[in-house]
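Working notes, beginning with the structure itself.
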Amino acid sequence: MEEKTPSKNTARENREKPKQRSLPPPDFSTFVLSLSTSALMHLGEIKNPQTDRIEKDLALARHTIDILAILKEKTRGNLTKDEQALLDRILYELRMKYCKAVE
């Protein structure tokens, strides 16, 4: 039985087709959770998915926490109760973890 090798056209077609992923819908909560995950990674709480290692960078952690604080200030009065509660809880938790990390 003879094995078929993909043609150049088939290889090109496979390269050009973007891989379909199942992603959550882009909304405010997803955005806040994404920033939170980034801060947790910089705090050394979770692994960097690119290196599969725990890496601490407290300056980047602080920067991301500050971005979330600015977001809270700039969106005041425009969030749902659930969105506001999520942002408040995440900011509190990240600030506490940051304080512990810099001790």
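Each label point was placed 7 Å from the Cα along the Cα-to-Cβ direction; for L60 and S29 their separation is 2.8 nm. Between V102 and E83, the simple label model (points 7 Å from Cα in the Cβ direction) yields a spacing of 2.9 nm. Each Cα pair under 8 Å and six or more residues apart adds its sequence gap; the mean of these over the residue count of segment 26-102 is a relative contact order of 33 percent.
Applying 0.36 nm per residue to the separation of E93 and K74 and subtracting their alpha-carbon distance, the gain on full extension is 4.8 nm.
Per-residue Karplus couplings for segment 93-98, computed as 6.51 cos²θ - 1.76 cosθ + 1.60 with θ equal to phi - 60°, are listed in order as 4, 5, 5, 5, 5, 5 Hz, Gly and Pro entered as x.
Rule-based calculations on the coordinates, nothing more; no lab input. Computed from a predicted structure; not experimentally measured. Every residue, glycine among them, receives a Cβ derived from its backbone with ideal geometry; neighbour counts consider all protein chains shown.
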